[in-house]
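So the structure is just underneath, and the comments pick up after that.
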Amino acid sequence: MSNELIRIEHVTKTYGTKIKTDVLKDINLTFEKGSFNWIIGASGSGKTTLLNIISGLDTATSGKVKIDGIELSTLNIKERAHFRSTHLGFIFQFHYLLPEFTALQNILMPLRIQKKKIDQSVKDQALELMNEVGISHVSHHYPNQMSGGEQQRTAVARAIIGQPLLILADEPTGNLDSHSAESVYQLLRKLHQTYKTTFIIITHDKITPEKGDRLLTLKDGTLIKDVIY
Ligand SMILES: Nc1ncnc2c1ncn2[C@@H]1O[C@H](COP(=O)(O)OP(=O)(O)OP(=O)(O)O)[C@@H](O)[C@H]1O
Ligand SMILES: [Mg+2]
């Protein structure tokens, strides 16, 4: 119980008023602190909707989501944004790096948003993280001067620099070739080992779950399979 990070109770999401589409149907789910979770399912099965509801980027039609004991729907917009910036890290299919900033500056961005003082020791920490994710050679490159894999590794470093409780990734390798995709997945696993961060990763890729991984399968808005390897 004490190791529970996320609790999802009777979550539904319905779009439309006249013609209703039930995109999520009574989802009940908990995630443990430090767990490594995959979500798979056909296009349109509700994966992104579920992830966005967990992060508070979207709201459920009914039901509750608690992260670390906090029910997001009870927070106002400002509080929710603060919660996201201090507790969550995001990785999307597209990197969303800021084009006018270097890799290093992009990685430091979450700390700037949190109004942390960026002194030399913080920069050194970011450089060490860049080394860890294999991009120290592009620290002063702008996003358009990096390969797709390097851009996505930068986005991964940016997601983890603030040591969030939870990293949510929506098809983080969707724009990469299979070789770069595999190396990004290996990187996420390595970071999981090092930082014990909880990960929830949506993927379309054929993945081979490792021991301890959890694999959730959504179909038409329903959780049809939940396996821990
Ligand atoms: N704003 C919206 N208005 C109406 N329907 C929506 C809206 N957003 C999503 N949907 C519908 O909800 C369903 C689930 O969408 P969602 O993006 O969660 O799917 P997904 O599993 O992430 O798919 P993909 O693998 O293609 O990314 C889809 O049928 C989609 O058309
Ligand atoms: Mg999606």
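The values are calculated or read from the model by the stated rules, or taken from the named source; none is laboratory data. Everything numeric in this text was worked out from a predicted model, so none of it was measured. When we count neighbours, we look across all protein chains shown, and the Cβ atoms used for this are built from the backbone with ideal geometry, even at glycine. Ligands, DNA and RNA are excluded from the accessible area calculation, which covers all protein heavy atoms including side chains. Shrake-Rupley method; radii C 1.70, N 1.55, O 1.52, S 1.80 Å.
So the values come out like this:
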{"item": "Residues of the range 205-221 classified as over 19 Å from the mean Cα position of the chain (by Cα) and within 16 Å of ligand 2 (Cβ to nearest atom), total", "result": "3"}
{"item": "Residue selected from the range 138-165 under the condition touching a residue at least 40 places away in the same chain (Cβ under 8 Å) and of a type in the set (D, E, K, R), by the criterion surrounded by the most Cβ atoms within 10 Å (Cβ to Cβ)", "result": "ARG158"}
{"item": "The lone exception for LEU29 - which of (1) touching a helix residue (DSSP H, G or I) at 6+ places or on another chain (Cβ under 6 Å); (2) in contact (Cβ under 8 Å) with a residue 60 or more places away in the chain it fails", "result": "(1)"}
{"item": "Top-ranked residue of the range 40-62 - restricted to ones that are part of a loop (DSSP other than H, G, I, E, B) and near ligand 1 (Cβ under 8 Å from one of its atoms), ranked as surrounded by the fewest Cβ atoms within 10 Å (Cβ to Cβ)", "result": "SER43"}
{"item": "From the options VAL156, VAL184, residue that is in a helix (DSSP H, G or I), away from ligand 2 (no atom under 16 Å from the Cβ), closer than 21 Å to TYR229 by Cα and among the aliphatic types (A, V, I, L, M)", "result": "VAL184"}
{"item": "Number of the exception - ILE6 against (1) in contact with a Phe, Trp or Tyr (Cβ under 8 Å, 6 or more places away or on another chain); (2) closer than 23 Å to HIS192 by Cα; (3) at pLDDT below 95", "result": "(3)"}
{"item": "The lone exception for ASN37 - which of (1) open to solvent by less than 20 Å² (accessible area, probe 1.4 Å); (2) away from ligand 2 (no atom under 16 Å from the Cβ); (3) of a type outside the set (Ser, Thr, Tyr) it fails", "result": "(2)"}
{"item": "The range 166-179 residues that are in contact (Cβ under 8 Å) with a residue 40 or more places away in the chain, paired with ones that are among the aromatic types (Phe, Trp, Tyr) and within 16 Å of ligand 1 (Cβ to nearest atom) (beta carbon under 6 Å, 6 or more apart)", "result": "LEU168/PHE90; ASP170/PHE92"}
{"item": "THR173 vs. criteria open to solvent by less than 80 Å² (accessible area, probe 1.4 Å) and within 16 Å of ligand 1 (Cβ to nearest atom)", "result": "yes"}
{"item": "Subset of the range 19-34 that is surrounded by fewer than 19 Cβ atoms within 10 Å (Cβ to Cβ) and outside any loop (DSSP other than H, G, I, E, B) - its residue that is nearest to ligand 1 (Cβ to nearest atom)", "result": "THR21"}
{"item": "Matching option when the condition is outside any loop (DSSP other than H, G, I, E, B) and either open to solvent by less than 60 Å² (accessible area, probe 1.4 Å) or of a type in the set (S, T, N, Q) (or both), among LEU108, LEU127", "result": "LEU108"}
{"item": "Residue count, the range 199-229 (criterion: exposed (fewer than 13 other Cβ atoms within 10 Å of the Cβ) and part of a loop (DSSP other than H, G, I, E, B))", "result": "6"}
{"item": "Residue that is nearest to GLU32 (Cα to Cα) [pool: residues in the range 130-153 that are of a type in the set (Gly, Ala, Ser) and part of a helix (DSSP H, G or I)]", "result": "GLY149"}
{"item": "Residue in the range 142-159 that is of a type in the set (A, V, I, L, M, F, W, C), within 16 Å of ligand 1 (Cβ to nearest atom) and in contact with a helix residue (DSSP H, G or I) (Cβ under 6 Å, 6 or more places away or on another chain) present", "result": "no"}
{"item": "Failed item in (1) within 15 Å of ligand 2 (Cβ to nearest atom); (2) within 30 Å of HIS137 (Cα to Cα), with PRO99 passing the rest", "result": "(1)"}
